[in-house]
Amino acid sequence: MGTYPITKSDSVSCCVRQPPLTRRRSSRNKSTPAADHHQKYNICFCLLESRDFPRLGSESTPTNRAISRTSFTALPDRFLVGVMATVSSTCSSPADLIRPMLACKKLWSVGRSARVLVSAASPALDVAAAKWSPGAHCFLKRCADAGNTEACYILGMIYFYSLGLRKWGVALMAKAAMQAHAAALQSLAIIQFNGSGGRRRNKDLSSAITLCAAGASLGYVDAMWELGHCLLTGYGALTNVSLGTSIIWKANEIERAASASSPVGKVGVHTVNRFLVDWFHSFPPRSGLQLCSHSSCGRPETRKYEFKRCSACDSVQYCSKACQNWDWKFRHKDECVTKIMKDLRQMSLHRV
């Protein structure tokens, strides 16, 4: 029974034994798991012995012996880059991307290539606030420099709201917005609506409306709600009740379709929003600054009384109309009505 060496890198060697030859089974007999297992190995052997890979059974020469000892490292770089790019775009956590890179030096260098980093999906960039470190920062920075729009948005939000690096945060979010990243467009619109990072006079309503319109054109529900309410009330734009109503109606349809396949209250939750919430509770800012009352937002105030408060109960504050809509549907509706009724009872008792 022959032995075929596959890799020998970083003091790690592994080999695969050739499956034993079996007699041909009749068509009436069903295939067994062992037979399927042998068939998969035979396919692997055919790939290894094809013309695109070094033939391990050829004549013994110094060159062929070197290739047989390092057959994995002899694979074309474009093949390994394609495999790692697929892994980074389909992994469910950062560990799924890091583990293959730790296998050997070849995969470590391939995994840090621009094509792999630009393909990294949001789960691969999921960094918890409790585990924030220079290594996590460097990884997100590499992905952002490679042109990963999701990394630009995540790192921009962390810079702006958690680390206080306002200019760098806005620059990264603008880089993602120029690649039609809907969440980055909406985040920049909220900054312009509230004048975040500056004074109240730094608000730019016209730019905010433009950013909201760009996000709404991409079908982003939060931007559609924000734009619709601005058109209804004439806030930063000319009043257009019919257009504003149609935009809000379409946004509600998209939200209902998305919530039908997602748990209640989980629609619209992003990786960076969880980071901002955890960071705010772990490292609270100076006194007087509040967190957006929508539990899945995480945006903190950059100055006192920056966010708008609920006009009915005055006990919660929101960074945008979209956050108010989400929180009203899933939480604040019952709390607000209960508080108003309680206040009315107390007022009636005082009058008596």
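Sorting Glu253, Glu226 on solvent-accessible area from highest to lowest, probe radius 1.4 Å, gives Glu253, Glu226. Straightening the chain between Ala95 and Thr239 buys 46.9 nm, computed as 0.36 nm per residue apart minus the Cα-Cα spacing. The residues of segment 68-144 expose on average 51 square angstrom of accessible surface per residue, using a 1.4 Å probe on protein heavy atoms. Would you work out what percent of the accessible area of segment 272-339, with all protein chains in place, is carbon or sulfur (probe 1.4 Å)? C and S atoms contribute 51 percent here. Protein heavy-atom surface of segment 80-145, 1.4 angstrom probe: 63% of the accessible area is carbon and sulfur, with nucleic acids and ligands not counted. Evaluating 6.51 cos²θ - 1.76 cosθ + 1.60 at θ = phi - 60° for every residue in segment 112-127, the Karplus couplings come out as 9, 6, 5, 5, 6, 5, 6, 8, 4, 7, 4, x, 6, 9, 6, 10 Hz, glycine and proline recorded as x. Cross-linked pairs Lys105/Lys131; Lys105/Lys141; Lys167/Lys333; Lys105/Lys167; Lys131/Lys167: Cα-Cα separations exceed 31 Å for Lys167/Lys333; Lys105/Lys167. Here the accessible area of segment 180-262 is 58 percent carbon and sulfur, with a 1.4 angstrom probe and all protein chains present.
Rolling a 1.4 Å probe across the protein heavy atoms gives segment 180-262 an accessible surface of 48 Å² per residue.
For Arg115, the accessible surface of its heavy atoms amounts to roughly 130 Å² (probe 1.4 Å, protein chains only, rounded to the nearest 10).
The values are calculated or read from the model by the stated rules, or taken from the named source; none is laboratory data. It should be emphasised that the depicted structure is a prediction, and the values quoted were computed from it without experimental measurement. Side chains included, ligands, DNA and RNA excluded: accessible areas come from the protein's heavy atoms. Shrake-Rupley method; radii C 1.70, N 1.55, O 1.52, S 1.80 Å.
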